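Input: a single structure, listed below in structure tokens.
The values are calculated or read from the model by the stated rules, or taken from the named source; none is laboratory data. Since we're looking at a predicted model, the values are computed, not measured. Backbone-built Cβ (ideal geometry, glycine too); neighbour counts: all protein chains shown. Ligands, DNA and RNA are excluded from the accessible area calculation, which covers all protein heavy atoms including side chains. Shrake-Rupley method; radii C 1.70, N 1.55, O 1.52, S 1.80 Å.
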Amino acid sequence: MISLTGSLRVFVCTQPADMRRSFDGLCGMASDLMKQDPLSGHLFLFRNRNRDRLKVLYWDRDGLAIWYKRLEKGTWQFPTDVKPGEKVISAEITKQELSLLLEGIDLRSVERRRRFQKSKHS
């Protein structure tokens, strides 16, 4: 079971992934393509070209785990879908955005209200 703890980060690969990839292939994408440590305990989200299949790779205390979902109808709309010619390989979304995405909510249509954020340079 995926636990959405306070320090958990969610990284989304913006490039479609071959859903035949398993632990080693997805780890390679997380480390080589996304430049992240797949053993960090964070979630790594991968989708296929048609956006109807989704894999989440994560380190679960004593080993890697994969959560896999196939939609029978419809697609997911990722907030990080890139336009042709863009070079963005990965993006980070919040745990809340992941929950909304898994529920089928298009995050592009969700309006976020302004909130205070502490400056990283303080």
For this session: For region 57-66, enumerate the residues that are over 14 Å from Ser40 (Cβ atoms) and in contact (Cβ under 8 Å) with a residue 24 or more places away in the chain.
Result: Ile66
For this session: Starting from region 97-112, keep only residues that are in a helix (DSSP H, G or I), then list their pairs with residues that are open to solvent by 50 Å² or more (accessible area, probe 1.4 Å) and among the β-branched types (Val, Ile, Thr) whose Cβ atoms are within a distance under 7 Å, requiring at least 6 positions of separation or different chains.
Result: Leu100/Val110
Problem set entry | Matching residues, region 1-28, being exposed (fewer than 15 other Cβ atoms within 10 Å of the Cβ), in a loop (DSSP other than H, G, I, E, B) and small (Gly, Ala, Ser) | Ser3, Gly6, Ser7, Ser22
Problem set entry | Members of region 29-64 that are part of a loop (DSSP other than H, G, I, E, B), within 15 Å of Thr75 (Cβ to Cβ) and not charged (D, E, K, R) | Asn48, Asn50
For this session: Please state which of the following conditions Gln36 fails to meet, knowing it meets all the rest: (1) within 23 Å of Gly6 (Cα to Cα); (2) under 14 Å from the mean Cα position of the chain (by Cα); (3) open to solvent by less than 40 Å² (accessible area, probe 1.4 Å).
Result: (3)
For this session: Would you be able to tell me the number of residues in region 8-24 that are touching a His at 6+ places or on another chain (Cβ under 9 Å) and free of Cβ contacts under 8 Å to residues at least 40 places away in the same chain?
Result: 0
Exercise. Taking into account only those residues within region 98-120 that are under 24 Å from His42 (Cα atoms) and open to solvent by 90 Å² or more (accessible area, probe 1.4 Å), which is modelled with the lowest pLDDT?
Worked result: Lys120
Exercise. Quick check: anything in region 64-76 modelled with pLDDT under 90, surrounded by 13 or more Cβ atoms within 10 Å (Cβ to Cβ) and touching a Ser or Thr at 6+ places or on another chain (Cβ under 7 Å)?
Worked result: no
